1. According to a simple spin-label model (label point 7 Å from Cα along Cα-to-Cβ), what is the distance in nm between residue 44 and residue 73?
2. Given a 1.4 Å probe and heavy atoms of the protein chains only, how would you sort 118, 59, 93, largest accessible area at the top?
3. Express in nm, to one decimal, how much length is gained between residue 91 and residue 113 on full extension, taking 0.36 nm for each residue of separation and deducting their alpha carbon distance.
Amino acid sequence: MPTFSKYIEGQLEFWNNYSRILNDPEFPRTSNMVEGFHRGFRTRVNRPKPTVQEYFRAIREQQVITDFYVDRLGVGKTPSKRRKSSHDKLFDICSRYSEYSCKVDYLFEVAKYFGHDIE
């Protein structure tokens with residue numbers, strides 16, 4: 001166990017997103033976009049072992065959707081307003097860190113943001 005704690009101490013800046021959120025609130029913190037893509041693609045395939053034809057059909061459908069979003073970004077449309085407001089909320093929580101008299105309250109706010117109901 002001491003080896004693991006030494007590893008974490010040496011990697012703390014890598015795993016800590018606090019300064020990254022304050023510097024760039026739009027920076028993704030997780031691979032949720034990739035996970036969402038995979039979930040959507042899996043539903044298009046809709047079976048564990050698709051045939052070659054089914055797989056290529058799903059790839060073509062995904063390409064149409066991807067082209068649509070690329071075109072939208074090309075004309076200046078944002079992908080999603082919901083994500084922006086979500087990022088703004090986390091940015092607000094992190095930027096008010098010094099205002100929390102009890103740092104545990106800050107941690108509760110961050111936990112609540114991520115959907116944990118801690119009392």
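The values are calculated or read from the model by the stated rules, or taken from the named source; none is laboratory data. Being a predicted model, the structure only gives us computed values, none of them experimental. Glycine also receives a Cβ, built like all others from the backbone with ideal geometry; neighbour counts cover every protein chain displayed. Accessible surface is based on the protein model in full, side chains and every heavy atom, while ligands, DNA and RNA are left aside. Shrake-Rupley method; radii C 1.70, N 1.55, O 1.52, S 1.80 Å.
1. So the label points at residue 73 and residue 44 sit 1.6 nm apart.
2. Values: 118 90, 59 65, 93 0 Å².
From most exposed to least exposed: 118, 59, 93.
3. Values: separation 22, 0.36 × 22 = 7.92 nm, distance 1.08 nm.
Contour length minus Cα-Cα distance gives 6.8 nm.
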